[in-house]
1. Taking interchain pairs and intrachain pairs at least six residues apart, which have beta carbon atoms under 6 angstrom, with the first residue in segment 301-326 and on the phi > 0 side of the Ramachandran plot and the second crowded, with 22+ Cβ neighbours inside 10 Å and polar (S, T, N, Q)?
2. For segment 5-49, how many residues are modelled with pLDDT of 50 or more and touching a Leu at 6+ places or on another chain (Cβ under 9 Å)?
3. Whether any residue in segment 141-162 is assigned to a loop (DSSP other than H, G, I, E, B), in contact (Cβ under 8 Å) with a residue 60 or more places away in the chain and farther than 19 Å from LYS338 by Cα is what I want to check.
4. Mind checking whether some residue in segment 68-80 is more than 18 Å from TRP275 (Cβ to Cβ) and in a strand (DSSP E or B)?
5. Can you say whether PHE138 is within 23 Å of the chain's Cα centre (by Cα), within 30 Å of PHE336 (Cα to Cα) and aromatic (Phe, Trp, Tyr), as far as the supplied structure shows?
6. Taking the stated definitions as given, is ASP292 over 27 Å from TYR373 (Cα atoms), part of a loop (DSSP other than H, G, I, E, B) and at pLDDT 80 or above?
7. Specify which of the listed residues (LYS284, LYS297) is crowded, with 20+ Cβ neighbours inside 10 Å and basic (Lys, Arg).
8. Within segment 163-177, can you find the residues that are of a type in the set (Ser, Thr, Tyr) and touching a residue at least 40 places away in the same chain (Cβ under 8 Å)?
Amino acid sequence: MKKFFCSLLFAAAVAVLCGMGVWAQEYYVDAATGKDRNSGTETEPFATVQKAADIVKPGDTVIIGSGIYYENVKITTCGTEDAPIVFRAKEFGEGKTIITGADKRIRENKNKNVWELYDEEKNIYRTKLERNNMLMRFTYNGQDIYMYPTYEGLETYVTIPTENANYLAGYKHGYYMDCDNGWLYVRLREDEKYGSVNPNENLMVVSSQRYLDYTDEKGVVHAALQASAIHDDSYNIGVITENPAHIVIYGITFEAPGFTGVFVRGSDVTVSNCWFRTCTCCVKGGSRYMEDKYITKNVTIEYCDYTQMPSFEDAMELLEENKDNPVVRKRVNYWFLKKVTNSVVPYLSATYSYESGGFAGSMGENWVLRNNYVHDCFEGMSWYSNWVYSKMYKDGISMQEFSGKNHKFYENRFENCVDNLIELECNVNGYEVYNNEFVNAPDSISSQCQRGEPFSTNIYIHHNLIYNTYDWVTKWYPCASTPGVEWSKMPNFFKLGVRSAEYKSPSGWMKNQPWNYEKDAPLNTVRWSDSGMKIYNNTIYGPYTYMFNCIGFFAIELSDENVDHNVDFKNNIISVMSKYEEAGTTRQWMRVGDSAESRGGFSYAHNVFIPYRDDKKPENSHMFIEPNADDPLFGNGGKLIKNIEDAGMTDPENYKFELKENSPAIGAGEQIPWEKTDTTDAGAIPYGKSWHINYAPRPFGDINCDGKIDAADVSQLTRLLNVKKDDETFKSRADMDFNGVIDEKDMELLLKELAGKEGK
């Protein structure tokens, strides 16, 4: 009966399509059985994705069979708004269809003899590299390996051996590349936590990029390893066009590019339901070369999974092992190993640094990031996510010329990051961050105003769950804190401001910024223009966590002289240990005005605050300090609740924050003028609503995201036919051909997918 029902719908859809005259070409690719001289049909597939990319036209679909494709695919043909070009995996699942830039000889290791034992005592192996490139990322069995700048470092697990404040201990698995002689050395974990110490018995994936200057096809010489420059071996798939591309990329596992899985020089691209492994960056927009100032617009990244495992676990292990080591702990933030600029090998610098990556890079205008899972990495969204290009002045002075504008992040989960979950920096303008989960990071959300005016502005952070788990934070803060001051390095949720030293007496690269160079910048002119930052209706829960880490001199003015604040903070439910991070041994609740230089710029209203106390650890009772009863954080219509049990949330200790019937948060907020809802409940979840977000990859055709492709999906799509593109439902998985309209073509695709599942 079910098959008969589907057949009837399929026949109806085909009849409609025939009447419309809408027939697009499908091309098939199969690395194992295909040949590029074939016709590209399902029975005669191409061998490479590039062959299909060279012949596609608007409305065509490229279906890529399971297998491994050692390619740097360049797409130069554009689709249209009504007829995008789709590149999708035939079989859904991580690792089913892999496009990789990995060294094939090392990855396949057919005879299990690529690696020779070089140092038997330390289990160091080596292999000769065929390409004289610089390794960017290196994994074994999917686990990230750290790069040591010297062979001695690999022997000793020490990156910088000088026993002063720069001493830097390393991880227990790493590699060293001898660029001059072409040898790659590797040392894997002796406890075999992720696999054998013998690399010949593991899946070794090496990502490389040019490290020598080279000349492009136009005869222009480019410096390699520039974080903003992208070469043809730097991506797995590159969309290279001057026009709106209207390209969709679906269901692919991206592996070991020189820098980024997908590079978009054009605009109007959707990357959906993909996995990113061994990637510095998932999707990068902007310039190919430093001289090429291009702003990438209208990019959607959805239902993707990005990780740099085990970066987070490595950092935690480093903390635990060295918490009592005075030499290691001379260096502030010694666990930020992958962030450090490499002074031993200068050309590694910013390009190799994990801070020069993250989930997205060089976002130009109007990007949408939704329903993604970003986890176990160094940085979720770094400063590099927002930075597009700089302008060079004739005297060598550099100024930020363009940063990200008008982006939306929603229904994503960011979890377990060594540094920040997201950074809203580099003069960004117009970010809306809502309905996300932010879990476990020393600094969850950062907006440091350190690149000159105009500072980041028009940022809206609302209806998010932002929390640290008890198990993580009680392991983290004792190891990360300053010796003798056990609470001084607890994590915080909002890192805001500009360092006083840099603003008053600019140092380093800040000294070269025209906003200081071209005018005398009085101390009181630090400001965010327009609306600044609005933080409202979030649920924030932080065992052993501070609310704010205010960097030095916080921005205390707006361009509007009638407004005396930069940050609107309202309608939030908050449970944290303390409001501000304090240096030294003094820790107290600060009020706006107590230290005007570093604590001004906030406006509070209608927040529900519950001081966090840990009854499980009575030995830490001295870390709790009773807040001032009239603190503005919970003043101006807000509420101070003494105990978490009285907050009326379902089970906050197990991270269930829905409101119960008796919650004091119900009706505690105020109406936000630009919000469409009429609720005045505080927190991210209004009373009567439950919290659920669909994130990470979903099968093609699983419209209702229940993990199955069945008649329920057909039924839902039937109800959604002819929905206009400006309807909210357009965001659902029902638009299977990604053309912005839910129509009979989507029904055809769904029924074809369903028929294929039933036929197996």
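1. Between residues of segment 301-326 that are on the phi > 0 side of the Ramachandran plot and residues that are crowded, with 22+ Cβ neighbours inside 10 Å and polar (S, T, N, Q), the close pairs are TYR303/SER272; TYR303/ASN273; TYR303/ASN371.
2. Step one: of segment 5-49, the residues modelled with pLDDT of 50 or more are 23-49.
Going one step further and asking which of them are touching a Leu at 6+ places or on another chain (Cβ under 9 Å), we end up with 23.
Matching residues across segment 5-49 total 1.
3. Kept after step one, since they are assigned to a loop (DSSP other than H, G, I, E, B), are these residues of segment 141-162: 141-142, 145, 148-150, 157, 161-162.
Now narrow it down to the ones that are in contact (Cβ under 8 Å) with a residue 60 or more places away in the chain: 141-142, 149-150.
When the remaining residues are screened for being farther than 19 Å from LYS338 by Cα, the result is 141.
Yes, some residue in segment 141-162 is assigned to a loop (DSSP other than H, G, I, E, B), in contact (Cβ under 8 Å) with a residue 60 or more places away in the chain and farther than 19 Å from LYS338 by Cα.
4. yes
5. Details: within 23 Å of the chain's Cα centre (by Cα): yes; within 30 Å of PHE336 (Cα to Cα): yes; aromatic (Phe, Trp, Tyr): yes.
Spelling it out, PHE138 is indeed within 23 Å of the chain's Cα centre (by Cα), within 30 Å of PHE336 (Cα to Cα) and aromatic (Phe, Trp, Tyr).
6. On the way: over 27 Å from TYR373 (Cα atoms): yes; part of a loop (DSSP other than H, G, I, E, B): yes; at pLDDT 80 or above: no.
Here the answer is no, as ASP292 does not meet what is asked.
7. On the way: LYS297 fails: crowded, with 20+ Cβ neighbours inside 10 Å.
That would be LYS284, the only listed residue that is crowded, with 20+ Cβ neighbours inside 10 Å and basic (Lys, Arg).
8. From segment 163-177, those of a type in the set (Ser, Thr, Tyr) are 167, 171, 175-176; that's our starting set.
Correct list: TYR167, TYR171, TYR175.
The values are calculated or read from the model by the stated rules, or taken from the named source; none is laboratory data. None of these values were measured; they are calculated from a predicted model. A quick note on method: Cβ atoms are made from the backbone with ideal geometry, for glycine too, and the neighbour counts reach across all protein chains shown.
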